[in-house]
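A.B. asks: First the structure, then my questions, so here it is.
The values are calculated or read from the model by the stated rules, or taken from the named source; none is laboratory data. Quick caveat, the model's predicted, so the values are computed rather than measured. So basically every Cβ, Gly included, is an ideal-geometry build from the backbone, and we count neighbours across all protein chains shown. Protein only, heavy atoms only, side chains kept; ligands, DNA and RNA dropped before computing areas. Shrake-Rupley method; radii C 1.70, N 1.55, O 1.52, S 1.80 Å.
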Amino acid sequence: MCKIVNLEQHRKEKEIQLQTFLMKHIGEFEQHLVRNSNIREKVKAVHIFRDKVGCSIPRELTKLEEQLFLSWFSYDYKTIQGFTLYQVFLKNIDTKSIPFEAVFHALLMASVLEPFKIIEVNNDYFVALHLMTNEQSIIKSNLDILYKRDDLVFLRCVPIYDYLFSLHPGFQFNDEKRGALLKHFQNTELSWRTFLKKHAIQFAWNGKTDQE
């Protein structure tokens, strides 16, 4: 007699497996950055970052600014060889041990800070509208959710089944920056993802994170 498969239970177990792997993988990457980042490379990146966001006054970055810098430094900044630091990390690990691992690698390489408007907040997830695609998404995180309805926030997410998982604290912004972001995008011929790779940190600069 065939066993009856509980599809909902199987799905939940798979979600937990994928999310656990993702968090472990990101943790390993962050440890790699701490242990192996070239100091000269980071100093160079800080100068580029300051230039991009218009922070010309030499001063130490605040905690919030440092979080924004690290998000950009990890996934968007490119070394002189043309690789992101996440791509450099992948070259130094075994990437064939888990069947779905390559999919997450591709998703993380393509990840960008994306602008959302919060529509609904629940205990363990929130619903948000993507401001550049007008798509609604359920978003989860292993961090405390401190947003409220109508907040505007930049998030770096990876899809897991039918929801998005937020990798880091978000960066809140205001209506003025939303208007400037959309106007700037409409005046380019770039895809929204390429545009955000280049310019998202400018519009997230001086924002408040949900971990402040």
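A.B. asks: Between I57 and E8, how high is the FRET efficiency from 1/(1 + (r/R0)^6) when r is the Cβ-Cβ distance and R₀ = 41 Å? Nearest 0.05.
C.D. replies: With R0 = 41 Å, the Cβ-Cβ based efficiency is 0.15.
A.B. asks: Kindly provide the GluC sites (Glu not before Pro) of the stretch 1-84 that DSSP labels as loop, not H, G, I, E or B, and whose Cβ sees at most 14 other Cβ atoms within 10 Å.
C.D. replies: Here the GluC sites (Glu not before Pro) that fit, given the DSSP loop and packing criteria, are E60.
A.B. asks: Right, here's the next one. Going through the stretch 132-190, which GluC sites (Glu not before Pro) have at most 11 other Cβ atoms within 10 Å and a DSSP loop state?
C.D. replies: Details: sites: E135, E176, E189; in loops: E135, E189.
Counting only loop positions with at most 11 other Cβ atoms within 10 Å, the GluC sites (Glu not before Pro) in the stretch 132-190 are E135, E189.
A.B. asks: Another question, if that's okay. Work out the FRET efficiency for H184 and L107 from their Cβ-Cβ distance, taking R0 = 35 Å, and round it to the nearest 0.05.
C.D. replies: 0.85
A.B. asks: Then there is this: Full extension from K44 to F21: what is 0.36 nm times the residue separation minus their Cα-Cα distance, to one decimal in nm?
C.D. replies: 5.1 nm is the gain from fully extending K44 to F21.
A.B. asks: I want to check a number: in the stretch 18-64, how many lysine pairs have alpha carbons closer than 20 Å, given a sequence separation of 8 or more or different chains?
C.D. replies: Number of lysine pairs found: 5.
A.B. asks: While we're looking at this one, here's another question. Karplus couplings for the stretch 146-163 from phi (6.51 cos²θ - 1.76 cosθ + 1.60, θ = phi - 60°), rounded to Hz, Gly and Pro as x?
C.D. replies: Couplings: 10, 7, 10, 3, 6, 4, 10, 8, 8, 10, 9, 10, 10, x, 10, 6, 9, 9 Hz.
A.B. asks: Note down the relative contact order for the stretch 76-212 as a percent, whole number, built from C-alpha pairs under 8 angstrom at least six residues apart.
C.D. replies: Working: 197 pairs, mean separation 27.5, N = 137.
Relative contact order, the stretch 76-212: 20 percent.
A.B. asks: Between L143 and E120, what's the calculated FRET efficiency when r is the beta-carbon distance and R0 is 25 Å? Round to 0.05.
C.D. replies: Step by step, r from the Cβ atoms, then E = 0.90.
A.B. asks: Turning to a different aspect of this structure: For T133, what accessible area in Å² do you get when you roll a 1.4 Å probe over the heavy atoms of the protein chains, rounding to the nearest 10?
C.D. replies: Accessible area, nearest 10 Å²: 40 Å².
A.B. asks: Let me ask another. Explain nothing, just compute: Karplus ³J(HN,Hα) = 6.51 cos²θ - 1.76 cosθ + 1.60, θ = phi - 60°, for every residue of the stretch 188-195 in order, whole Hz, x for Gly and Pro.
C.D. replies: 10, 10, 7, 5, 5, 5, 5, 4
A.B. asks: Based on alpha-carbon centroids, what's the gap between the stretch 9-34 and the stretch 148-207 in Å, whole number please?
C.D. replies: 23
A.B. asks: Using amide H atoms built 1.01 Å from N in the peptide plane, name the residues 5+ places from L164, or on other chains, whose amide H lies under 5 Å from its own.
C.D. replies: When sequence neighbours closer than 5 places are left aside, the close amide H contacts are I138, I139, K140.
A.B. asks: Hey, what does the equivalent ellipsoid look like for the chain, semi-axes from the Cα gyration tensor as sqrt of 5 times each eigenvalue, largest first, whole Å?
C.D. replies: 29, 23, 15
A.B. asks: Round to a whole number: what % of the accessible area of the stretch 92-212 belongs to carbon and sulfur, probe 1.4 Å? List each step's numbers first, then the result.
C.D. replies: Working: 2990 of 6310 Å².
The computed percentage sits at 47.
A.B. asks: Which sequence of R156, R59, R50, R178 reflects their accessible areas, 1.4 Å probe, from the largest down?
C.D. replies: Accessible-area ranking of R156, R59, R50, R178, largest first: R59, R178, R50, R156.
A.B. asks: Compute the helix-to-body angle for 175-186: its Cα long axis versus the longest principal axis of the chain, expressed 0 to 90° and rounded to tens.
C.D. replies: That works out to roughly 90 degrees.
A.B. asks: Could you pull out every residue, at least 5 positions away or on a different chain, whose amide H is within less than 5 Å of the one on E114? Hs are placed 1.01 Å off N in the peptide plane, and Pro or chain starts have none.
C.D. replies: Placed amide hydrogens put L155, R156, C157 under 5 Å from E114.
A.B. asks: What is the distance in Å between the Cα centres of the stretch 126-140 and the stretch 48-76?
C.D. replies: 26
A.B. asks: Kindly report the accessible area of the stretch 1-160 per residue (heavy atoms of protein chains, probe 1.4 Å, no ligands, DNA or RNA), in Å². Each step should come with its number before you reach the end.
C.D. replies: Working: 9660 Å² over 160 residues.
Per-residue value: 60 Å².
A.B. asks: Could you pull the accessible area for D124 with a 1.4 Å probe, rounded to 10 Å²?
C.D. replies: Number for this one is 100 Å².
A.B. asks: Which one of K197, K44, K177 has the biggest mean-square fluctuation once the chain is modelled by GNM with Cα springs under 10 Å?
C.D. replies: So, out of K197, K44, K177, the one fluctuating most is K44.
A.B. asks: Looking at the stretch 129-176, which chymotrypsin sites (Phe, Trp or Tyr not before Pro) are in a loop (DSSP not H, G, I, E or B) and have at most 15 other Cβ atoms within 10 Å? Numbers along the way, then the final one.
C.D. replies: Numbers: sites: Y147, F154, Y161, Y163, F165, F171, F173; in loops: Y147, Y161.
Passing both the DSSP loop test and the Cβ count: Y161.
A.B. asks: Could you list which residues have their amide H under 5 Å from that of F173, counting only those 5 or more apart in sequence or on another chain, with H placed in the peptide plane?
C.D. replies: Amide H neighbours of F173: L152, V153, F154.
A.B. asks: Where the Cα atoms of the stretch 12-73 are projected onto their three principal axes, how long is each span, largest first, in whole Å?
C.D. replies: 50, 22, 17
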